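The next block holds one structure in the form of structure tokens; read it before the comments.
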Amino acid sequence: MIYKSGQDWLQAERKRVLFFGMSGLGKTHVSNMLRASGEWFHYSADYRIGTRYMGEYITDNFKRRAMQDPFLAELLRSDSIYIASNLTFDDLSPLSTYLGKPGNPEHGGLSFAEYQKRQAQHHRAEVAALYDTAHFIERAEDLYGYTNFVCDSGGSTCEVVDPFDKGDKLLNALAKNHLMVWIEGSKDHEAELVRRFQRAPKPMCYRPAFLQELWDEYLAQHNCTEAEVEPNDFMTFTYARAISQREPRYRAMADNFGIKVSHTDLGRVTSPEGLDQLIAATLGSAG
């Protein structure tokens, strides 16, 4: 770890931290709090994915739908209208909408093959966006004078690395430049995360083998064909399974590359100074 003790963290002239864990546990909340202090640069991996790496896919999907309307199609062909995504740090729905859901096309479902293709695009984009943090650490200080940097990683980070391999290239690159902090949830919080996901789905990236396993299991359990799958039901089924499946992966990331804090303790933090004290105490106990 780049900070060896609590005192090392508190005395650091440049604080660099990467939060990871399931969506809904406070990564973006604490990152926004740090940014609002005026002393931290907030790098959102999901925002980078949705703008730099998947923005064209997202916009082309909008245009594809618009081309089905003769009125809009004519305006698009003549460049009379402009269609763009309005993705923000707090609203990732353009990315979620593009990734879509597999199943019954009459209920908005994609073919499973198309869903797999978009998942692969997201996988590549997530890896690239995480590697980009090194560039943005330098950019934030060079352009804007920020010496403190927080990476608000996506909930799928553990899906694009091998957390059990201490030689994992991407995790070593991240740990070289950030203090890696796992926000650990609790069993009591899992049901609430599922409810939040049902209300406002977040972009999700799954390992291909895991996704295929769940797809096959869902079809067998419901004795249905691909076209009969209820897209929303499958997405909830997959997300609920991902929560428990990801926990040991996050734990390994913390054990091998960083530290962990509970979402309850992090939820009590209301200032950068409070976060400093929480991280210092955790580094102290880790040592």
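The values are calculated or read from the model by the stated rules, or taken from the named source; none is laboratory data. Being a predicted model, the structure only gives us computed values, none of them experimental. Here the Cβ is made from the backbone with ideal geometry for all residues, glycine too, and neighbour counts use every protein chain on show. Remember, those area values only see protein heavy atoms, side chains included, never the ligands or the DNA or RNA. Shrake-Rupley method; radii C 1.70, N 1.55, O 1.52, S 1.80 Å.
Y82 fulfils the conditions (1) modelled with pLDDT under 95; (2) among the aromatic types (F, W, Y); (3) closer than 25 Å to S23 by Cβ except for a single criterion, (3).
Among residues of the range 49-73 being among the hydroxyl-bearing types (S, T, Y) and farther than 13 Å from F89 by Cβ, the one that is least open to solvent (accessible area, probe 1.4 Å) is T59.
Every residue, every condition in (1) open to solvent by 20 Å² or more (accessible area, probe 1.4 Å); (2) out of contact with any Pro (no Cβ under 9 Å at 6 or more places or on another chain); (3) of a type in the set (D, E, K, R); (4) within 28 Å of Y250 (Cβ to Cβ), yes or no:
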{"position": "G109", "(1), (2), (3), (4)": "no, no, no, no"}
{"position": "H122", "(1), (2), (3), (4)": "no, no, no, yes"}
{"position": "A128", "(1), (2), (3), (4)": "yes, yes, no, yes"}
{"position": "C151", "(1), (2), (3), (4)": "no, yes, no, yes"}
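If the condition is being surrounded by 15 or more Cβ atoms within 10 Å (Cβ to Cβ) and either part of a helix (DSSP H, G or I) or basic (K, R) (or both), then the range 174-189 contributes L174, A175, N177, H189.
Counting only helices (runs of 4 or more DSSP H) wholly contained in the range 214-287, the ones carrying 2 or more residues that are surrounded by 17 or more Cβ atoms within 10 Å (Cβ to Cβ) and among the β-branched types (V, I, T) occupy 231-257, 272-286.
In the set D46, D8, only one residue is open to solvent by less than 40 Å² (accessible area, probe 1.4 Å) and in contact (Cβ under 8 Å) with a residue 24 or more places away in the chain; that residue is D46.
Step by step: first the residues of the range 108-153, then only those that are assigned to a loop (DSSP other than H, G, I, E, B) and within 18 Å of K169 (Cα to Cα), then the one that is modelled with the lowest pLDDT. Which residue is that? Step by step, filter the range 108-153, then rank; the result is S153.
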